[in-house]
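> Mind having a look at this structure? Questions to follow.
The values are calculated or read from the model by the stated rules, or taken from the named source; none is laboratory data. Because the structure is predicted, anything quoted here is derived from the model rather than measured. Please note: Cβ atoms are built from the backbone with ideal geometry, for glycine as well, and neighbour counts cover all protein chains shown. These area figures cover heavy atoms from the full protein model, side chains too; ligands, DNA and RNA do not enter into them. Shrake-Rupley method; radii C 1.70, N 1.55, O 1.52, S 1.80 Å.
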Amino acid sequence: MNLYDVLRQPLITETSTENMAVGKYTFKVADNVTKPMIAAAVEKAFKVTVTKVNVSTVQGKTKRMGKNMYTQPSWKKAVVTLKAGDKIELFEGV
């Protein structure tokens, strides 16, 4: 898989911004990737050392438009912990 197929986009939320202070960064990733693939993609893209990867599947929310109900698609989230002293410059100043 290509690097850009694994990492879809960084997630900028209040919780993920607080976790950046301790070296944890959050990404939206493809549904069929594994922890070693995510670690390799982050190390290659940002030239840092990954120590831990936590992955969770976020269930899609049920929405309503008029009388019709539909479900948004589920997606996969990865929280990547970096070695002490490493930073990802993409997130700086957010």
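> Restricted to region 19-32, and to residues that are among the hydrophobic types (A, V, I, L, M, F, W, C) and at pLDDT 95 or above, which residue is surrounded by the most Cβ atoms within 10 Å (Cβ to Cβ)? Outline the logic, then answer.
Just the residues of region 19-32 that are among the hydrophobic types (A, V, I, L, M, F, W, C), to begin with: 20-22, 27, 29-30.
If we keep only those that are at pLDDT 95 or above as well, we get 27, 29-30.
Values: F27: 22, V29: 24, A30: 17.
Among those that are among the hydrophobic types (A, V, I, L, M, F, W, C) and at pLDDT 95 or above, it is V29.
> Which condition number in (1) more than 15 Å from I88 (Cβ to Cβ); (2) among the aliphatic types (A, V, I, L, M); (3) outside any helix (DSSP H, G or I); (4) within 14 Å of the chain's Cα centre (by Cα) is the one that I12 fails?
Unmet for I12, out of (1) more than 15 Å from I88 (Cβ to Cβ); (2) among the aliphatic types (A, V, I, L, M); (3) outside any helix (DSSP H, G or I); (4) within 14 Å of the chain's Cα centre (by Cα): (1).
> To continue, here is another question. So is V58 under 16 Å from L3 (Cβ atoms) and open to solvent by less than 50 Å² (accessible area, probe 1.4 Å) or not?
No; evaluated as a whole, the condition is false for this residue.
> So which pairs qualify, if the first residue must be in region 53-64 and within 12 Å of V80 (Cα to Cα), the second must be of a type in the set (S, T, Y), the Cβ gap must be under 8 Å, and the two must be at least 6 apart or on different chains?
Filtered contacts from region 53-64: V53/T81; N54/T81.
> Since V48 meets every condition but one in (1) surrounded by 13 or more Cβ atoms within 10 Å (Cβ to Cβ); (2) assigned to a loop (DSSP other than H, G, I, E, B); (3) in contact (Cβ under 8 Å) with a residue 60 or more places away in the chain, which condition does it not meet?
(3)
> Next question. With respect to V42, determine if the residue is hydrophobic (A, V, I, L, M, F, W, C) and under 11 Å from the mean Cα position of the chain (by Cα).
Criteria met by V42.
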